[in-house]
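The values are calculated or read from the model by the stated rules, or taken from the named source; none is laboratory data. Note that this is a predicted model, so its numbers are computed, not measured. Heads up, the Cβs are rebuilt from the backbone with ideal geometry, glycines too, and the neighbour counts pull from every protein chain shown. Only protein heavy atoms, including side chains, enter the accessible area calculation; ligands, DNA and RNA are left aside. Shrake-Rupley method; radii C 1.70, N 1.55, O 1.52, S 1.80 Å.
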Amino acid sequence: MGQEETNNTGYFKELSKGFIRENPIFILCLGLCPTLAVSNLVENAFGMGIAFFFVLLCSNITISLVQKLIPDEVRIPCFIVIIAAFVTVASLLMQWLIPDVYARMSLYINLIVVNCIILGRAEAFASKNNVFRSALDAVGMGVGFTASLFIISAIREVTGFGTFLGFRLIPENIKPITIMILAPGAFFTIGFLMALFNLIRIKKGKVSK
Amino acid sequence: MTLGQIIALFMGSVFVQNFIFSRFLGLCPYVGVSKDTPSAMGMGFAVVFVMTMASAVTWGLYRYVLIPFDLTYLKIVAFILVIASFVQFVEMFLKKAFPALHRSLGIYLPLITTNCAVLGVAFLNITQFETESYGFAKSTLQGFFAGIGFMLAMLIMSGIREKLEYAEIPEAMKGLAIVFITAGLISIAFLGFSGFKL
Amino acid sequence: MKARVTFKGGIHPPENKGLCGELSIKDFPPPETAVLPLQQSLGSASEPVVKKGDKVKKGTLIARSKGYISSNLHSSVSGEVIDIRKSPHPLLGEANAIIIKSDNRDEPERDYSAEEASADSLSSGEILELIQNAGIVGLGGATFPAHVKLNPPADKPIKTFIINGAECEPYLTSDHSLMLECADRILKGAALIKKMLKAEKCLIAIEENKKDAIALFRQKIIQLKNAEGLQVFPLKVKYPQGAEKQLIYTLTGKEVPSGGLPMDVSVLVHNIGTVFAVYEAVFLRKPLFERIVTVSGKGIKNPANWRVRIGTTFKMLVNHSGLADKKIKKLIMGGPMMGLAQYTDEVPVVKATSGILVLTSDEAADFEHLACIRCGKCVSVCPMGLMPAEISKMVEKGRIDTAKSIGLMDCMECGSCNYICPSGTNLLQYIKLGKYEYLRSKNVKR
Amino acid sequence: MLKDKHLTVTVSPHIKTSLTTERMMWIVSAALIPAAGAGIYFFGPHAALVIAVCVGASIITELFCAVLMKKPATIKDGSAFLTGLLLALCLPPEFPLWMCALGSFFSIAVSKFAFGGLGHNIFNPALAGRAFLMGAFAKEMTTWKTLQDFPDGITAATPLNLLKEQGYDSLMKVFDSHSHLFKELFIGRVGGSIGETSAALLIIGGLILIFARVTTWHIPVSYILTVIIVSYFTGGLFDIPFHLFTGGLMLGAFFMATDPVTSPITPKGQIIFGIGCGLFTMLIRIRGGYPEGVCYAILLMNSVTPLIERFSKTRIFGVKR
């Protein structure tokens, strides 16, 4: 019985670590390019999040399934090919389903293939764990990534456009801070969110001491 | 191709649409390897080299293989494979031919495979210059200039980070937080180049 | 190589040289008890040749040099050795000293007033021996034994002999007054040293704020019969004009290489006081047991230049000159730029004591330390071409090696950077700490 | 008796200059007063409000950040006051006040205190604030005030705007002769930011800085010379006074580029810095999308200051190159 319990908490930890503890963006600082590039609108962020989630889940599952078949020396190229295949699938699907969002960010969707998070998870986790754990890991990381992207894009869209998912939140007569949707705004947002995460960590560290 | 076009391409890829400060490509190595100027320089040179060559190779591959055989949907797989094997080849070649250079650049080369700036410039090239005349030359030049822009960004950031090591940065801002704030301020300065007429 | 107008950098602190009023040297009465520290020069301390209870006269040898870089020490009063014990030392904090109780007779070992006629016919070796016996050290403050400096190795001939009369430290006028009073004798000493070194030229460098001294020396040189190669060189008024390497650069256009000595560019520099002491040692056979000391500062009621016996305590001098009714902050041996702050007035005058300053809190103002704003003033004033702010920052952060690589050990501690720094950073303190740490780590490695 | 006194023992030197950081900051602020006064005189009371809000918001932000970071609040060193004043002087006279406050907050909190406060910032806080506002509120930042009280002057747009957007002829339509144009530019009766129009007063202020030894000549001279040379070779004789006296060049060259914290520490580095500022200013003015390039040019050079310093070390005495 004890065994099962630890297993269960283990599973939950596998799932939840991507939310905060090992948040891919704010803590591990991986996969930053798409995060910054597409986070000017919440809509874009969601599109990117879903595509990313899809590729990460599929590649993690596939790699953990075929891990025994791949010789060690060529594993990285193999991983890349698997990931690239799923990116192609995601890219074609999005082109078909949400063409206008895709048109805005096709470059960054294609670049998911070199996203360090996905390759990193494949190398560090999926190639060493079973399918179920790998899937949980992917879900956790995917949710963590998408949520982070959502937070960043929400901040940027609200301050930079005065809207949220296209709905006006801030009255027209208060001018939005346009710079937030430009490149510097992306850097500032992520910089200060990282500082916030640091602050929380410092506070927690002090309490535990 | 006129000199004006070359200058326009240069200004565009180095300043106006800098890969780091405007296009957000190659951020992982940018924040990872910009701690000190010598490594930033090494990474910069490696990126310039690989980006130039990758631009040339992928454009040719796309124009003369993928388009004629109607395989453009395979471009992601094809490009990443070409770049990965190219980087591998370069590394082996350097190791044999120029061991000294390999020692200084060697550690950066494997990182470049997953540098999205390299793949990014390949994708940009085929969308921008697919049908243009001088497409090959423009692609190669864009790759080269984008690499220069990347190196410039690396050098600027590494200089600042060396200086920040001695600054009394607040505890919460330490680490990558202040790097991103700095990058934001640099990209504000780079906004000055927007709307360049050439 | 030609002479330059001046060197790069430097500062213009308020001179305050007028405090002493007219420049005359007054004789300070011999002390009741003389405290004579054994360590009077760079290098090793000398070894006592007297013991408790011995009777000594003024000028009696009481301690002999020990080792190559070391100097003799002579009694400055006549009386009895009452103890050899640890006493306050103006440079070292505390060190062994011979304590002599005066018998108030002030009896000299021999007559020091008559000039020996034979001086001109002495050989170099004999002159050097006389200088060594007299215990002469560099009186500008460095206290390097003079006989060592005057005896360069054969492969480094001296072409130019420079007499340093710059006295660029604010407040101090001891050299100035000496020049005015003893010009003839200084010139005799200069000619002697020039001959001994077989130097082509002897340049007397004097800052332009001492116009009377410049005029006097020029006039004396014209009167002199064999004044060949002897020349007065007026210097721009700025601190640190008297620094050896800067002086050489200004006068000859040559740069002493980093880590090198003046003799590497065939130059030798001696302070005006040292030259005078050489004159006394050779012509009068008088050992170095007294020197000129400026007692000044706004905390002193009657500032003056005194001829003081080595071993007189600061307290006696300060009390004799009277304390002004102001808020006293610091007691300093030497000038305000490079002098050492003292924790007690019990310290004795040593051979290195060119001045005793009592500074009020207005003069020695401290201000609130703010962060460095990188104004670059320290860089532009540094006569050694260093970046003091960077060096001190590296030392502060424990990067001694980096500090070394950007010139830590080239600093000569003139303090210009510290003076000019608007943010109140104690740059020199960090630099000194860095030098100390560097030397220590080097010794540990050995 | 000295024995009764408390003797202080410190390392030499024992005397210090009276020109402290605090005094330097206030001298710079004072040197800006004439230009600020002219701005208020030409553009009316709202300009005064802009200045007041910027200065006030800067000081409040500084206090707030100091408390937050548990550092001693350093208002009396004058750096916050100066940053606020400089920021206000490069804003348009009719700029909305809440945006002024936001800009000041950005200047102090993001570009200064995030890096550790006074002495540690990489970018000139005032210029970073201005560039931020330019990115955030481009329209408001380029809405200039017509000088209605002065019948012989002048126009809503700045001369640089006119030249860039409508060309030389329309510029000459407004000012009928070159001499008239240069006179107005020199005095400052033209459209523009509050404190940047009066070249004459800014030059006076700049000379005060140099003679009070608050700054050295290196940056202003190399900056202005570069602008003169580039404008002569790209335009001609007419362009030299025009580029010198329009826009924020004088304000930038004397008061912004010389900010010691963000410019190189060595004289050689400062000259390189000034030349770079001049080149980028002219590049942006002639080819760029913005009519004015001073702000961006100085920010760009701020960012490469550490690199310049790396290659412009001083030569140590006695060490051969």
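Would you confirm, using the coordinates I've provided, whether C:A119 is surrounded by fewer than 24 Cβ atoms within 10 Å (Cβ to Cβ) and closer than 23 Å to C:G339 by Cβ?
no
Show me the helices (runs of 4 or more DSSP H) found entirely inside the range D:214-305 where at least 3 residues are within 14 Å of chain B (Cβ to nearest Cβ) and modelled with pLDDT of 90 or more.
Result: D:267-287.
Where in the range C:316-429 are the helices (runs of 4 or more DSSP H), entirely inside, with at least 2 residues that are surrounded by 23 or more Cβ atoms within 10 Å (Cβ to Cβ) and over 24 Å from the mean Cα position of the chain (by Cα)?
Helices (runs of 4 or more DSSP H) meeting the threshold: C:377-381, C:388-396.
Among the residues in the range C:99-112, are any at pLDDT 90 or above, open to solvent by 10 Å² or more (accessible area, probe 1.4 Å), in contact with a His (Cβ under 7 Å, 6 or more places away or on another chain) and not polar (S, T, N, Q)?
No: the range C:99-112 contains no residue that is at pLDDT 90 or above, open to solvent by 10 Å² or more (accessible area, probe 1.4 Å), in contact with a His (Cβ under 7 Å, 6 or more places away or on another chain) and not polar (S, T, N, Q).
Hey, among the residues in the range B:1-33 that are open to solvent by 30 Å² or more (accessible area, probe 1.4 Å) and not in a helix (DSSP H, G or I), which one's modelled with the lowest pLDDT?
So the residue we want is B:M1.
Of the residues that sit in the range C:430-446 and are at the interface with another protein chain (Cβ under 10 Å from one of its Cβ atoms) and open to solvent by 30 Å² or more (accessible area, probe 1.4 Å), which one is nearest to D:R213 (Cα to Cα)?
Here the answer is C:Y430.
So, in the range B:159-176, of the ones that are more than 8 Å from chain D (Cβ to nearest Cβ) and more than 16 Å from D:T262 (Cα to Cα), which residue ends up least open to solvent (accessible area, probe 1.4 Å)?
Going through the qualifying residues, I end up with B:A172.
Pull up the range D:278-303, narrow it to residues that are under 12 Å from the mean Cα position of the chain (by Cα) and under 30 Å from C:P388 (Cα atoms), then point me to the one that is surrounded by the fewest Cβ atoms within 10 Å (Cβ to Cβ).
D:L299
Return only the number of the condition from (1) farther than 30 Å from A:I181 by Cβ; (2) at pLDDT below 90; (3) open to solvent by less than 10 Å² (accessible area, probe 1.4 Å) that D:K173 does not satisfy.
Of everything listed in (1) farther than 30 Å from A:I181 by Cβ; (2) at pLDDT below 90; (3) open to solvent by less than 10 Å² (accessible area, probe 1.4 Å), D:K173 misses just condition (3).
Looking at this structure, is C:V350 within 30 Å of C:I136 (Cβ to Cβ), modelled with pLDDT of 90 or more and more than 7 Å from chain D (Cβ to nearest Cβ)?
yes
Residue check: is D:G78 of a type outside the set (A, V, I, L, M, F, W, C) and within 14 Å of chain C (Cβ to nearest Cβ)?
Answer is yes for this residue.
Does C:L130 fit the bill of being assigned to a helix (DSSP H, G or I) and in contact (Cβ under 8 Å) with a residue 24 or more places away in the chain?
Spelling it out, C:L130 is indeed assigned to a helix (DSSP H, G or I) and in contact (Cβ under 8 Å) with a residue 24 or more places away in the chain.
Under the condition of being in contact (Cβ under 8 Å) with a residue 12 or more places away in the chain and open to solvent by 10 Å² or more (accessible area, probe 1.4 Å), which residue from the range C:200-213 is farthest from C:E244 (Cα to Cα)?
In this case the residue turns out to be C:D212.
Testing D:L202 on (1) buried (at least 23 other Cβ atoms within 10 Å of the Cβ); (2) farther than 25 Å from D:M141 by Cβ; (3) in contact (Cβ under 8 Å) with a residue 60 or more places away in the chain; (4) of a type outside the set (V, I, T), one condition comes back false. Which one is that?
(2)
Given (1) within 14 Å of another protein chain (Cβ to nearest Cβ); (2) touching a Gly at 6+ places or on another chain (Cβ under 9 Å), where does D:A31 come up short, assuming only one miss?
For D:A31, the exception is condition (1).
May I ask you to verify whether B:F129 is of a type in the set (F, W, Y), open to solvent by less than 30 Å² (accessible area, probe 1.4 Å) and modelled with pLDDT of 80 or more?
Spelling it out, it is not the case that B:F129 is of a type in the set (F, W, Y), open to solvent by less than 30 Å² (accessible area, probe 1.4 Å) and modelled with pLDDT of 80 or more.
For the range D:119-140, which residues satisfy the criterion of being facing another protein chain (nearest Cβ under 8 Å), touching a residue at least 60 places away in the same chain (Cβ under 8 Å) and crowded, with 24+ Cβ neighbours inside 10 Å?
Across the range D:119-140, the qualifying residues are D:I122, D:F123, D:A128, D:A131, D:M134.
Anything in the range C:25-52 that is more than 23 Å from C:R110 (Cβ to Cβ), of a type outside the set (V, I, T) and open to solvent by less than 40 Å² (accessible area, probe 1.4 Å)? List them, or say none.
C:P37, C:L38, C:S41, C:A45 - these are the residues of the range C:25-52 that are more than 23 Å from C:R110 (Cβ to Cβ), of a type outside the set (V, I, T) and open to solvent by less than 40 Å² (accessible area, probe 1.4 Å).
Across the range D:195-213, what is the total count of residues that are of a type in the set (S, T, N, Q) and within 14 Å of chain C (Cβ to nearest Cβ)?
Number satisfying all stated conditions: 0.
How do the pairs read when you match residues in the range D:308-320 that are more than 9 Å from chain C (Cβ to nearest Cβ) with residues anywhere that are among the β-branched types (V, I, T), using Cβ under 7 Å and keeping only pairs 6 or more apart or on different chains?
Filtered contacts from the range D:308-320: D:I308/D:I272; D:R310/B:T37; D:S312/D:T266; D:S312/D:I272.
Give the residue, chosen from D:A38, D:A48, D:A52, that is touching a residue at least 40 places away in the same chain (Cβ under 8 Å), more than 14 Å from chain C (Cβ to nearest Cβ) and of a type outside the set (K, R).
D:A38
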